[in-house]
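Asker: The following block contains the structure, expressed as structure tokens.
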Amino acid sequence: MSTETIVAQSRQDDVLILTIQNPPVNAFSPGVPEGLKAGLDAAAADDTVRAVVIIGGGRTFVAGADIKTFNLPREQAPDLRGTIEKLDAFPKPTVAAIHGTALGGGLELAMGCTYRVATPDAQLGLPEVKLGVLPGAGGTQRLPRVVGAQKALEMMLSGTPIKATEGKEVGLIDRLIDGDLLSGAVTFAREVADARPLPRISERSVEGASPEVFAAARQGIKKSHWGQLSPELIIDLAEMAATTPFQEGWTAEATKFMQAKDSPQSRALRHVFFAEREAAKIPGLGKDTPTLDIRRAGIIGAGTMGGGIAMNFLNAGIPVTIVETTQEALDRGLGVIRRNYENTAKKGRMSQGDVETRMGLLTPSLDMGSLSDADIIIEAVFENMDVKKDIFTRLDAIAKPGAILATNTSTLDVNEIAAVTSRPESVIGLHFFSPANVMKLLEIVRADKTSDTVLATSMALARKIKKVGVVVGVCDGFVGNRMVHRYGEEARQLVEEGARPEDVDAAMNALGLPMGPFQMSDMAGLDIGHAIRVHRAKVSGEPEPDGWLDRIVKTGRKGQKTGGGIYDYDETRKPRPNADVQALIDTYRTEKGVTPRDISTEELTKRLAYTLVNEGAQILDEGIAARAGDIDVIYLYGYGFPAYRGGPMQYADEMGLNNVVADLERYGQTPAPLLKRLADEGGSFADLDAGRGR
Ligand code: NAD
């Protein structure tokens with residue numbers, strides 16, 4: 001497309017209108033800056049033009065920079081800064097007319113103009129922090145000059161946009177336009193056409209810029225953005241806006257933008273941005289795959305998971321029938337749901353009316369027959385194959401034709417469950433994570449015979465109930481738990497060799513995970529892991545497990561729920577090491593003839609993180625996950641892996657797969673064949689994903 005078509009020039013008498021036409025969202029990609037500069041040149045050269053209006057064609061103003069251009073060399077990247085410099089020096093008034101969203105580079109462009117008008121519902125924001133970067137085209141210097149230090153910091157550090165109505169209150173918008181935006185903007189432009197001097201933002205000073213404001217922001221990000229670079233740089237730059245001439249801050253911003261952009265954290269956050277979008281696409285499934293309407297849901301089991309799962313549907317306004325075996329269990333389950341909602345209401349995040357509306361959508365029942373009109377039925381009973389098979393046999397007779405029959409099993413074979421029905425194409429695994437009303441992840445387990453429609457409907461349903469759905473294949477533990485299982489083994493092994501549990505957890509905390517493996521086990525309940533190990537040993541004919549952690553469980557310490565497990569807990573739930581546990585570990589090592597050794601933090605971190613990576617590679621090779629990016633999304637939303645590390649697979653790419661393999665071998669582990677092959681070829685998981693059609 002020529003620059004004139006990307007930015008169209010038109011006249012309304014004395015006003016030149018530049019319309020950006022770069023669908024779908026008018027991103028600031030190549031062609032846009034050239035078109036805008038050409039338009040400004042035309043306006044400057046023509047004495048009959050008194051003012052310029054810049055507006056977006058289609059559904060929005062400039063919604064942001066084009067993230068794909070981040071990787072272009074500087075000379076090839078679209079020249080947003082140059083365009084804004086030209087605007088700032090422009091001798092006639094320029095008016096940004098905003099509808100839809102003005103985000104990132106879009107808002108920076110608007111702040112480069114002399115004035116801004118907007119429709120009341122337009123959204124304005126600088127979300128760069130979410131991608132580990134910072135506003136790099138004047139945003140850090142102009143926003144504080146418009147809205148003051150405090151508000152600018154708030155907007156840039158949260159990345160959350162504000163509505164134009166608020167923008168008007170804080171001075172970011174000069175006029176709200178209710179009717180036709182363009183004619184309102186042209187009227188405004190004529191009103192200000194002769195006003196001089198031009199009220200350039202770059203010539204203003206920053207209000208409310210006390211040292212305390214910046215100190216408080218620095219303190220705040222220790223909590224909200226622990227370990228992250230770009231928020232620090234944003235605060236430094238906002239402070240420069242307040243304390244140095246515009247030009248100095250403008251120059252520093254360019255340098256710091258490059259520093260942030262070239263950081264592993266930003267690479268990771270950009271990877272996450274794309275990985276999430278990719279995860280929504282199911283290989284082999286066309287966009288036109290039909291989906292079913294989900295108007296009623298049925299849930300079997302009102303325990304920990306069933307109750308939480310029900311809440312997701314109720315929140316989305318979908319009626320739920322929940323079935324239990326006894327009235328007592330049903331009452332208990334409903335009681336928990338109501339208490340959860342009432343607690344939310346007490347915190348002011350929901351009205352009492354909302355609580356009642358949701359509870360009104362919930363029908364308790366002791367009869368599975370009452371599920372005959374449900375469009376989806378999710379089973380969440382005990383983790384026992386015989387019980388599940390019995391339920392699916394009965395469901396087969398009860399459920400209406402075409403209804404989705406889902407199991408929330410964490411480990412069992414979904415194919416085996418599907419096989420007891422006459423309609424395996426309707427059977428799927430929907431693996432929610434605990435607490436199911438909170439955790440965003442939904443592993444969607446595609447069994448051998450699951451139909452495309454059932455799969456596509458489940459993906460759409462995930463979105464509807466505000467989950468991040470990721471399709472996985474059938475194996476023990478699917479993706480997330482299979483990896484975490486190996487990780488737990490490695491963590492226990494490290495303690496056996498000499499590490500203290502708190503050192504192991506601290507290593508993962510330092511990587512940015514809010515909980516290390518032992519903090520996580522204490523929260524989930526140590527008895528659950530123990531029961532799984534006992535079960536596995538039984539199945540494979542091995543002796544009953546008797547590791548140090550099994551011994552702790554046998555002393556009655558089951559984790560947070562019994563007031564202590566590997567750690568002790570007080571009411572703040574802060575873990576504290578326990579002397580008896582340490583003594584038990586010491587005794588265990590002595591019995592095993594292990595002389596404890598000092599294990600460096602580096603070894604702890606690498607052995608734990610690379611165990612995840614190695615199992616992840618095996619999972620990819622087996623086709624249980626379609627993309628390395630999917631595994632990363634699972635770890636971000638299901639296990640608290642920090643987004644600024646991008647997930648375990650991206651972390652491995654960042655460390656270099658050849659280094660990962662060398663370290664695994666050094667620590668006595670066998671690298672998965674796929675990992676080894678990629679490392680030998682000098683490849684990465686990102687390359688592999690790209691090759692698979694990413
Ligand atoms: P739970 O023991 O808290 O709840 C199970 C409920 O099912 C009980 O209330 C029980 O009365 C009911 N039930 C048993 N048989 C039934 C039947 N025939 N009809 C109706 N109700 C019946 O267990 P949970 O932790 O909620 O786990 C449920 C399922 O979810 C299991 O398959 C588990 O593996 C899986 N899961 C659990 C978690 C977790 O962290 N707890 C996470 C993901 C998946």
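Asker: Out of 449, 467, I need the residue that is out of contact with any His (no Cβ under 6 Å at 6 or more places or on another chain) and more than 29 Å from residue 640 (Cα to Cα). Which one?
Answerer: On the way: 467 fails: more than 29 Å from residue 640 (Cα to Cα).
Among 449, 467, only 449 is out of contact with any His (no Cβ under 6 Å at 6 or more places or on another chain) and more than 29 Å from residue 640 (Cα to Cα).
Asker: Can you work out which of the residues in region 397-416 that are within 14 Å of the ligand (Cβ to nearest atom) and open to solvent by 20 Å² or more (accessible area, probe 1.4 Å) is modelled with the lowest pLDDT?
Answerer: Among residues in region 397-416 that are within 14 Å of the ligand (Cβ to nearest atom) and open to solvent by 20 Å² or more (accessible area, probe 1.4 Å), the one modelled with the lowest pLDDT is 411.
Asker: Taking the conditions exactly as written (open to solvent by less than 60 Å² (accessible area, probe 1.4 Å), within 15 Å of the ligand (Cβ to nearest atom), touching a residue at least 60 places away in the same chain (Cβ under 8 Å) and within 30 Å of residue 402 (Cβ to Cβ)), does residue 441 satisfy them or not?
Answerer: yes
Asker: Return yes when residue 428 is open to solvent by less than 30 Å² (accessible area, probe 1.4 Å) and within 16 Å of the ligand (Cβ to nearest atom) and no when it is not. Before you say what the answer is, go through the steps one by one.
Answerer: Details: open to solvent by less than 30 Å² (accessible area, probe 1.4 Å): yes; within 16 Å of the ligand (Cβ to nearest atom): yes.
Spelling it out, residue 428 is indeed open to solvent by less than 30 Å² (accessible area, probe 1.4 Å) and within 16 Å of the ligand (Cβ to nearest atom).
Asker: Further question: In region 149-179, what count of residues is obtained for those that are in contact with a helix residue (DSSP H, G or I) (Cβ under 9 Å, 6 or more places away or on another chain) and in a loop (DSSP other than H, G, I, E, B)?
Answerer: Selection size over region 149-179: 10.
Asker: Just one of the numbered conditions (1) touching a residue at least 60 places away in the same chain (Cβ under 8 Å); (2) over 17 Å from residue 201 (Cβ atoms); (3) open to solvent by 20 Å² or more (accessible area, probe 1.4 Å) is not true of residue 255; which one?
Answerer: Failed condition: (1).
Asker: Please name all residue pairs, on different chains or six or more residues apart, with Cβ atoms under 6 Å, provided the first residue is in region 513-531 and is under 15 Å from residue 492 (Cβ atoms) and the second residue is part of a loop (DSSP other than H, G, I, E, B).
Answerer: 518/566; 522/565; 522/566; 526/558; 526/565
Asker: Another question, if that's okay. With respect to residue 311, determine if the residue is without any contact (Cβ under 8 Å) to a residue 24 or more places away in the chain, under 25 Å from the mean Cα position of the chain (by Cα) and either within 16 Å of the ligand (Cβ to nearest atom) or closer than 22 Å to residue 440 by Cα (or both).
Answerer: In short, no.
Asker: Within region 180-200, restricting attention to residues that are touching a residue at least 40 places away in the same chain (Cβ under 8 Å) and in a loop (DSSP other than H, G, I, E, B), which residue is most open to solvent (accessible area, probe 1.4 Å)?
Answerer: Filtering region 180-200 for residues that are touching a residue at least 40 places away in the same chain (Cβ under 8 Å) and in a loop (DSSP other than H, G, I, E, B), the one most open to solvent (accessible area, probe 1.4 Å) comes out as 194.
Asker: Could you please give the count of residues in region 366-391 that are within 11 Å of the ligand (Cβ to nearest atom), more than 30 Å from the chain's Cα centre (by Cα) and open to solvent by less than 40 Å² (accessible area, probe 1.4 Å)?
Answerer: Summing the residues that are within 11 Å of the ligand (Cβ to nearest atom), more than 30 Å from the chain's Cα centre (by Cα) and open to solvent by less than 40 Å² (accessible area, probe 1.4 Å) in region 366-391 gives 5.
Asker: For region 322-360: of the residues being under 15 Å from residue 302 (Cα atoms) and open to solvent by less than 30 Å² (accessible area, probe 1.4 Å), which is farthest from the ligand (Cβ to nearest atom)?
Answerer: 359
Table: residues versus (1) of a type in the set (A, V, I, L, M); (2) within 22 Å of residue 203 (Cα to Cα); (3) in contact (Cβ under 8 Å) with a residue 40 or more places away in the chain.
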position: 54; (1), (2), (3): yes, yes, yes
position: 78; (1), (2), (3): no, no, yes
position: 121; (1), (2), (3): no, no, yes
position: 133; (1), (2), (3): yes, no, yes
position: 149; (1), (2), (3): yes, yes, yes
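Asker: Considering only helices (runs of 4 or more DSSP H) fully contained in region 1-97, which possess at least 2 residues that are open to solvent by less than 40 Å² (accessible area, probe 1.4 Å)? Talk me through it step by step, then tell me what you get.
Answerer: On the way: elements: 3-6, 32-45, 80-89.
Helices (runs of 4 or more DSSP H) meeting the threshold: 32-45, 80-89.
Asker: Of (1) within 11 Å of the ligand (Cβ to nearest atom); (2) in contact with a Ser or Thr (Cβ under 9 Å, 6 or more places away or on another chain); (3) without any contact (Cβ under 8 Å) to a residue 60 or more places away in the chain; (4) more than 18 Å from residue 458 (Cα to Cα), residue 394 satisfies all except one. Which?
Answerer: (2)
Asker: Mind listing whichever residues of region 513-540 are in a loop (DSSP other than H, G, I, E, B) and more than 21 Å from residue 561 (Cβ to Cβ)?
Answerer: Listed by number, the residues that qualify are 513, 540.
Asker: Another question, then. Quick check on residue 267: is it farther than 17 Å from residue 128 by Cα and among the basic types (Lys, Arg)?
Answerer: no
Asker: Residue check: is residue 363 within 14 Å of the ligand (Cβ to nearest atom) and among the β-branched types (Val, Ile, Thr)?
Answerer: Details: within 14 Å of the ligand (Cβ to nearest atom): no; among the β-branched types (Val, Ile, Thr): yes.
The answer is no for residue 363.
Asker: From the list 603, 681, 591, 665, which residue is open to solvent by 10 Å² or more (accessible area, probe 1.4 Å) and touching a residue at least 24 places away in the same chain (Cβ under 8 Å)?
Answerer: 603
Asker: Looking at this structure, is residue 299 within 16 Å of the ligand (Cβ to nearest atom), in contact (Cβ under 8 Å) with a residue 40 or more places away in the chain and either in a loop (DSSP other than H, G, I, E, B) or touching a Phe, Trp or Tyr at 6+ places or on another chain (Cβ under 9 Å) (or both)?
Answerer: Spelling it out, residue 299 is indeed within 16 Å of the ligand (Cβ to nearest atom), in contact (Cβ under 8 Å) with a residue 40 or more places away in the chain and either in a loop (DSSP other than H, G, I, E, B) or touching a Phe, Trp or Tyr at 6+ places or on another chain (Cβ under 9 Å) (or both).
Asker: Looking at residue 212 and the list (1) open to solvent by 60 Å² or more (accessible area, probe 1.4 Å); (2) closer than 28 Å to residue 511 by Cβ, which single condition is not satisfied?
Answerer: (2)
Asker: Quick check on my filter: what residues within region 616-633 are surrounded by fewer than 24 Cβ atoms within 10 Å (Cβ to Cβ) and out of contact with any strand residue (DSSP E or B) (no Cβ under 8 Å at 6 or more places or on another chain)?
Answerer: Residues satisfying the conditions are 618, 621.
Table: residues versus (1) free of Cβ contacts under 8 Å to residues at least 40 places away in the same chain; (2) farther than 23 Å from residue 137 by Cα; (3) touching a Leu at 6+ places or on another chain (Cβ under 9 Å); (4) open to solvent by 50 Å² or more (accessible area, probe 1.4 Å).
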| position | (1), (2), (3), (4) |
| --- | --- |
| 219 | yes, yes, no, yes |
| 222 | yes, yes, no, yes |
| 234 | no, no, yes, no |
| 237 | no, no, yes, no |
| 247 | yes, no, no, yes |
| 259 | yes, no, yes, yes |
| 268 | no, no, no, no |
| 277 | yes, yes, no, yes |
| 291 | no, yes, yes, yes |
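Asker: Return the pairs, sorted by first residue and then second, in which the second residue is in a loop (DSSP other than H, G, I, E, B) and surrounded by fewer than 24 Cβ atoms within 10 Å (Cβ to Cβ), the first residue lies in region 615-635 and is of a type in the set (Lys, Arg), the beta carbons are less than 7 Å apart, and the residues are 6+ apart or on different chains.
Answerer: Short answer, once both residue conditions are applied: 627/692; 627/694.
Results for (1) away from the ligand (no atom under 16 Å from the Cβ); (2) out of contact with any Phe, Trp or Tyr (no Cβ under 8 Å at 6 or more places or on another chain); (3) not aliphatic (A, V, I, L, M), shown as yes or no for each residue.
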site: 494; (1), (2), (3): yes, yes, no
site: 499; (1), (2), (3): yes, yes, no
site: 518; (1), (2), (3): yes, no, yes
site: 523; (1), (2), (3): no, yes, no
site: 551; (1), (2), (3): yes, no, yes
site: 559; (1), (2), (3): no, yes, yes
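The values are calculated or read from the model by the stated rules, or taken from the named source; none is laboratory data. Just so you know, these numbers come straight off a predicted model, no measurement behind them. Cβ sites come from the backbone with ideal geometry, for glycine too, and all protein chains shown count toward neighbours. SASA here: full protein model, heavy atoms, side chains in, ligands and nucleic acids out. Shrake-Rupley method; radii C 1.70, N 1.55, O 1.52, S 1.80 Å.
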